[in-house]
Amino acid sequence: MYNGKLVRLRPLEKSDLNEIMKFYNDYELKRLLGPPIVRSREYIAGWIEQVSQWTPWREGHLVMAIVQKETDDFLGIARIEDVLFPHSRAEIGISIYDPEQRGKGYGTDSTLVTLWIGFNILGLHSIYLDTMEDNERSIHVYEKIGFKRVGVLRETEFINGGHKGLLIMDILRDEFLEKYPPSSIIDSRFA
Ligand SMILES: CC(C)(COP(=O)(O)OP(=O)(O)OC[C@H]1O[C@@H](n2cnc3c(N)ncnc32)[C@H](O)[C@@H]1OP(=O)(O)O)[C@@H](O)C(=O)NCCC(=O)NCCS
């Protein structure tokens, strides 16, 4: 497990299913993450089963639950995806599921811990993400951390009856390590 200042990232468990289903089909959350297609409880149970088998080296993915560090309450999902060697690059995705839990610093802390894992455990060289071009909160969070805007894939997302652009952002290992020396993020690495 990986402890940040406010959150812990741990493996996703079957027992997280109820918490995931509380918000998984929430239109606003889905709209920010991609096509808002609803999924059944059975489908998500199968997905949890599937991701628990994934490794960054074989399948190229690491999917973790974000929990509140003090209470262990489920907050959301952190993903490191499409890990590609020998390029040593990957994509990340962060979501805080409950709208009431957003704006409390959890997303920033989860992103930092996810980057820490990518750069300090997986030895990645570059990490990128995409976000809707109008997702101002996420863009603010990622820029605050040190991500740079790479460019916009124009009109590439069809949401709410219209096309939107997808902003690509990235951060390099040296940029991250200069701003966040390893000990500045993880409190107790494998508590
Ligand atoms: C994006 C997300 C991960 C951020 O996590 P969070 O816990 O809400 O973010 P934090 O509390 O750490 O930080 C929020 C920051 O955004 C700022 N913010 C909030 N609303 C904003 C807005 N509309 N425009 C610009 N900045 C905004 C806050 O002031 C805060 O900045 P500060 O730390 O400089 O004061 C989370 O909101 C989320 O999961 N949203 C839904 C799914 C999503 O959009 N995921 C990202 C897709 S790439």
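The values are calculated or read from the model by the stated rules, or taken from the named source; none is laboratory data. Just so you know, these numbers come straight off a predicted model, no measurement behind them. Virtual Cβ from ideal backbone geometry, glycine too; neighbours counted across all protein chains shown.
For segment 134-174, name all the residues that are surrounded by 16 or more Cβ atoms within 10 Å (Cβ to Cβ) and of a type in the set (D, E, K, R).
Across segment 134-174, the qualifying residues are Glu157, Lys164, Asp170, Arg173.
Report every pair of residues separated by at least 6 positions or lying on different chains whose Cβ atoms are under 6 Å apart, first residue within segment 151-179 and closer than 30 Å to Gly123 by Cβ, second among the β-branched types (Val, Ile, Thr).
As it stands, the answer is Gly151/Ile168; Leu166/Thr156; Leu167/Thr131; Leu167/Val152; Ile168/Val150; Asp170/Val150; Ile171/Ile127, since those pairs meet every condition given.
Can you name the residue in segment 100-121 that is among the hydrophobic types (A, V, I, L, M, F, W, C) and buried (at least 17 other Cβ atoms within 10 Å of the Cβ) and is also farthest from the ligand (Cβ to nearest atom) among such residues?
Restricting to residues being among the hydrophobic types (A, V, I, L, M, F, W, C) and buried (at least 17 other Cβ atoms within 10 Å of the Cβ), the top hit is Phe119.
Take Ile37 and tell me if it is of a type in the set (Val, Ile, Thr) and either in contact with a His (Cβ under 9 Å, 6 or more places away or on another chain) or surrounded by 15 or more Cβ atoms within 10 Å (Cβ to Cβ) (or both).
no
Of all residues in segment 20-53, how many are of a type in the set (Lys, Arg) and modelled with pLDDT of 95 or more?
3
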